[in-house]
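The values are calculated or read from the model by the stated rules, or taken from the named source; none is laboratory data. Small disclaimer: the values here were computed from a predicted structure and weren't measured. Every residue, glycine among them, receives a Cβ derived from its backbone with ideal geometry; neighbour counts consider all protein chains shown. Each accessible area value is taken on the protein alone, full model and side chains, heavy atoms only, with ligands, DNA and RNA left out. Shrake-Rupley method; radii C 1.70, N 1.55, O 1.52, S 1.80 Å.
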Amino acid sequence: MLTLMLPADCSLRMVGHLFDQMTSAVQAEAEVEIDCSALAVIDLAGLQLLISAGRTARAAGKRIWLQAPSDILNAALVRAGISPAQFGDCILINRA
């Protein structure tokens, strides 16, 4: 399993760089863990990136895990009207 650390800023200006990292990780590994503990800012572009990465992984028979999802991530999901349950098996959340 490969672990990626989300930066503090996961907004539109960072999505291009993060997209490249996530794409490479999903191509290389069967499971990718995304550590969300440093996250301080996330916007809709950042949420879309996470969901897209999860769907890409699922299509390839792989998984993405969100490690330590922060209150900031959870609040952004609520504002966007997205329930973590809607991820299904696209993105798995590990709170430990």
Matching residues in the range 54-85 - criterion: being in contact with a Leu (Cβ under 9 Å, 6 or more places away or on another chain), farther than 21 Å from D9 by Cα and not small (G, A, S): R63
Going residue by residue through the range 83-92, is there one that turns out to be part of a loop (DSSP other than H, G, I, E, B) and open to solvent by 70 Å² or more (accessible area, probe 1.4 Å)? yes
So L2 ticks every box in (1) open to solvent by 30 Å² or more (accessible area, probe 1.4 Å); (2) touching a helix residue (DSSP H, G or I) at 6+ places or on another chain (Cβ under 6 Å); (3) more than 19 Å from N94 (Cα to Cα); (4) not basic (K, R) but one. Which box is left unticked? (3)
Within the range 24-53, which residues are closer than 19 Å to A8 by Cβ, open to solvent by 30 Å² or more (accessible area, probe 1.4 Å), of a type outside the set (S, T, N, Q) and not in a loop (DSSP other than H, G, I, E, B)? E33, D35, V41, L44
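Yes or no: Q67 among the polar types (S, T, N, Q) and buried (at least 16 other Cβ atoms within 10 Å of the Cβ)?
When the stated conditions are applied, Q67 passes them.
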Run E31 past the list (1) over 16 Å from I93 (Cβ atoms); (2) of a type outside the set (K, R); (3) more than 11 Å from the chain's Cα centre (by Cα) and report the number of the one that doesn't hold. (1)
Quick one: what pairs do we get from the range 54-68, first residue assigned to a helix (DSSP H, G or I), second open to solvent by less than 90 Å² (accessible area, probe 1.4 Å), C-beta under 6 Å, 6+ apart or different chains? G54/I64; G54/C90; G54/I91; R55/C90; T56/V26; A57/V26; A57/I64; R58/C90
Exactly one condition in (1) under 12 Å from the mean Cα position of the chain (by Cα); (2) buried (at least 19 other Cβ atoms within 10 Å of the Cβ) is false for A76; which is it? (1)
